[in-house]
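Laboratory data are not the source of any read-out in this text; all were calculated from the coordinates shown. Nothing here was measured: the structure is a model prediction, and the numbers come from that model. Because the Cβ atoms are built from the backbone with ideal geometry, glycine has one as well, and the counts that use them run over all protein chains shown.
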Amino acid sequence: MANPLQFIQQTRAEVGKVAWPTRREVLLTTVMVFVMAAITAVFFALVDVLIRTGLTGLLGFFG
């Protein structure tokens, strides 16, 4: 079992090695996530409308 003090020191050393993103990088990646989510939502909404229209037309043709 490791010494708790040694564990804390090693943990702090590892945290110091982490390359933390800048505020600008975080902001840009957050905006990109929202943009991609919006594009995906629009895409699937259009696909849904096309499928619904196609099925409605198909069922109306045969019904």
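Explain nothing, just the number: dipole magnitude of the chain about its Cα centre with +1 on each Lys and Arg Cβ and -1 on each Asp and Glu Cβ, in debye rounded to the nearest 20. Please report the intermediate quantities before stating the final value.
Working: 5 positive and 3 negative charges, 43 e Å.
Dipole size: approximately 200 debye.
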Quiz item: Taking a point 7 angstrom from the Cα of Thr56 along the C-beta vector, which residues in the stretch 28-44 have backbone N less than 15 Å away?
Solution: none
Self-check item: Tilt relative to the chain, helix 4-17 - C-alpha long axis, 0 to 90 degrees, to 10
Solution: 60
Practice problem: Have a look at Thr56, Val42, Val31 and report the one farthest towards the positive end of the charge dipole of the chain, computed about the Cα centre with Cβ charges (Lys/Arg +1, Asp/Glu -1). | Solution: Val31
Exercise. If a/c stays under 1.5 just call it rounded; otherwise compare a/b with b/c (prolate if a/b is bigger, oblate if not). Do that for the chain, with a ≥ b ≥ c from the square roots of the Cα gyration tensor eigenvalues.
Key: oblate
